[in-house]
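Here the structure is laid out as structure tokens; the discussion comes afterwards.
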Amino acid sequence: MSLRAAIKTSRSGFALDVELAAGAGETVAVLGPNGAGKTTLLRALAGLIPLEGHVELDGQVLDDSATARHVPTEHRRVGLVFQDHVLFPHMTVLDNVAFGLRAQHKRDASKVATEWLARAGLAERAGAMPRELSGGQAQRVALLRTLATEPRLLLLDEPLSSLDVSVRAEVRRELSRQLSGFQGVRILVTHDPLEAMALADRLVVVEAGRIVQGGSPAEVTAKPRSRFVADLAGVNLLRGRGRGDHIELEGGAIVAAPEAGEGYVFAVIHPRAVALYLARPEGTPRNVWRGRAEDLDLQGERVRVRLSGAVPLVAEVTPSAVRDLHLAAGAEVWVAVKATEISVYRA
Amino acid sequence: MIGLAAAGLLLFVLPLAGLIARAPWGQVGPELVASETASALGLSVLCSLTATAVALVLGIPLALVLSRTTGTARGVMRALTTLPMVLPPVVGGVALWLAFGRRGLIGAPLYQLLGIQIPFTTAAVVIAETFVAMPFLVIAVEGGLRAMDHRYEEAARALGASGWRVFARVTLPLLRPAIFSGAVLCWARALGEFGATITFAGNLPGRTQTVPLAVYVALETRPDGAIVLSLILLAVSLAILIGMRDRWLGSL
């Protein structure tokens, strides 16, 4: 089973233009900030909104604007799991899980649904109404309701984001377990990097309706190509023009980096590689700039200092360094980065 | 300000007080079984329930279409469906007459080809009541549809449910509160219908004389009967008001 999709759709000033391929048993996480078009992409794959382009699942054409082919949602055999469970409020848990089976005229719908519930340890909730369930239970039932119809393509729209942090881990484990037993293609939309890393084999980063980066979670975070990915990887991302041994940033600042090369490049600097001084340091670092501490954020054993200046960066220092430097919001400092600590790759 | 408010409230209270004070309580039993009263009551119940049923069958699909229409078409359709709510009922009756009367737009061919004559029949009462009362149902159901979370329907479709199954198993049950309050309002309006009925269906005891018409006629000849029938309509109105005090205007 495999999915191939090239989707263009635009609605009320927002345009989505995305190509996506996924294989059987693969979980692809579509990651991106809110409003990037992730949900629109899922709705297009589900056949709920008109699109321009082509969607093919297991060799069957589901959408093709060139030949005006459109398979309606109910005939696609795609499973859709929403952010909040969207269980039918007027049906019991059992009837919710059996709904899809009955819609497909399967025999023994109730029996099969009961088995699904039993396997998930939810048998004793079969007679409950959705409003009587906890958030975690409801989302698990919603997942079962979808899986029971044996979809070929599973579309998960931020399935954990409406849950309390306390139950999120539990539901994530369950989701992970259920997904590993599912044979079809899985597309998971999320803005939570943790959710993406925990569940996905491959990441696709979408911003402003376009794919900006794809690859394994390790590949994506090693070489961020957008501010969003850099932020979630917790690193500084600079973009500029390579000039042999240095990079010229858009604002005109110069960053020394031995392998800058020529043309547009990204430069990643880990916050721990950013050193702060009260006086201009004399020594080996070739990158020394004036900076101003905008705010300080204690994270565990480390303090993250957001710096403004010609080269805006985040530095990670120890609490004792903060004391020694009398660092507070508004403090003027010298910022130094060793050229060898900067990794450069093509933009 | 308080004085004016009190005067306003009195305007509502005094007529009701008058009705209750003058009520011939000893006559209620005998009046109810009096043949004219009983037949008016029976006819009213039959016609208003039938009108409500017709409104449900026609009004729910109309509300569905309305809720999915946008732009000018929606404005026009909406204006047409709500018109009977603001139109003087007598004008409605005249309009119905011109459409379904023996020389009317539809009435003429109906009479010439099939010999069917609608005015002055019980069917005409039902048509008049539906005409006047259906907007209440349509508006309540349309409001329910607009407030509804359509992801339930999308979830149902993704689970493989056909359009009809989605409608019957998901949309309709989720709309039940809106349909219920719409139907009650519609029925109450149908029950009290006077102007369009008397214009289009006439005032024939046993055939088209519903309770409001009977009240109007009886006030001249048998005031006690008129008061008893009025009390019944008042009791029904109060029961609806009390029973639906939470969702009544909220759903409109």
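No lab work stands behind these numbers, since they all come straight from the coordinates. Treat the numbers as computed from the prediction; the structure is a model and nothing was measured. No Cβ is skipped: glycine too gets one built from the backbone with ideal geometry, and neighbour counts run over all protein chains shown.
Tell me, what HN-Hα J-couplings in whole Hz come from the Karplus equation 6.51 cos²θ - 1.76 cosθ + 1.60 at θ = phi - 60° for each residue of region A:63-68, using x for Gly and Pro?
Karplus values, whole Hz, x for Gly and Pro: 8, 8, 5, 5, 9, 6.
Please give me the summed charge of the neighbours of B:ALA218: other residues whose Cβ is under 10 Å from its Cβ, Lys and Arg +1, Asp and Glu -1.
On the way: positive: B:ARG222; negative: B:GLU31, B:GLU36, B:GLU220, B:ASP224.
For residues surrounding B:ALA218, the net value is -3.
Which ³J(HN,Hα) values, rounded to whole Hz and listed in residue order, are derived for region A:156-162 from phi using the Karplus coefficients 6.51, -1.76 and 1.60 in 6.51 cos²θ - 1.76 cosθ + 1.60 with θ = phi - 60°, glycine and proline given as x?
These are the phi-based 3J(HN,Hα) values: 10, 9, 6, x, 10, 6, 8 Hz.
Take the alpha-carbon positions of chain A, form their convex hull, and give its projected area averaged over all directions (one quarter of the hull surface) in nm².
With the hull built on Cα positions only, its mean projection is 21.3 nm².
Return one quarter of the surface area of the convex hull spanned by the alpha-carbon atoms of region A:71-115, equal to its mean projected area, in nm².
3.8 nm²
Under a no-solvent Debye model with one identical scatterer per Cα of the protein assembly as shown, what's log10 I(q)/I(0) at q = 0.06, 0.08, 0.09, 0.13 Å⁻¹?
-0.55, -0.80, -0.90, -1.25
Quick one: give the max-minus-min coordinate of the C-alpha atoms of region B:37-251 along each principal axis, largest first, in Å.
Extents along the principal axes, in whole Å: 64, 46, 28.
Please provide three numbers in whole Å: the alpha-carbon extents of region A:42-135 along the principal axes, with the largest listed first.
Principal-axis extents of the Cα atoms in region A:42-135, largest first: 50, 28, 21 Å.
Can you give the Rg to Rh ratio of region B:24-156, both from alpha-carbon atoms, with Rh computed by the Kirkwood formula?
Working: Rg = 19.2 Å, Rh = 17.4 Å.
Ratio value, two decimals: 1.10.
Per-residue mean of other chain beta-carbon atoms within 10 angstrom of the beta-carbon, peptide A:98-105?
Numbers: counts 0, 8, 6, 2, 5, 9, 3, 1.
If you average over the peptide's residues, the count of other-chain Cβ atoms is 4.
If the reach is capped at under 26 angstrom between alpha carbons, list the lysines near A:LYS223, excluding any in the same chain fewer than eight residues apart.
Leaving aside lysines fewer than 8 places away in the same chain, those within reach of A:LYS223 are A:LYS38, A:LYS338.
Below 8 Å, C-alpha to C-alpha, sequence gap of six or more: please give me the relative contact order for region B:37-251 in percent. Each step should come with its number before you reach the end.
Values: 269 pairs, mean separation 67.3, N = 215.
RCO, region B:37-251: 31 percent.
Over its Cα atoms, what ratio of radius of gyration to 2.2 N^0.38 Å does region A:234-346 give?
Compactness ratio reported: 1.04.
Got a sec to turn the phi values of region A:24-38 into Karplus ³J(HN,Hα) couplings, 6.51 cos²θ - 1.76 cosθ + 1.60 with θ = phi - 60°, whole Hz, x for Gly and Pro?
So the J values, rounded to whole Hz, are 4, x, 9, 9, 9, 9, 9, 10, x, x, 4, x, 7, x, 5.
Per residue of B:159-172, what is the mean number of Cβ atoms on other protein chains within 10 angstrom of that residue's Cβ?
5
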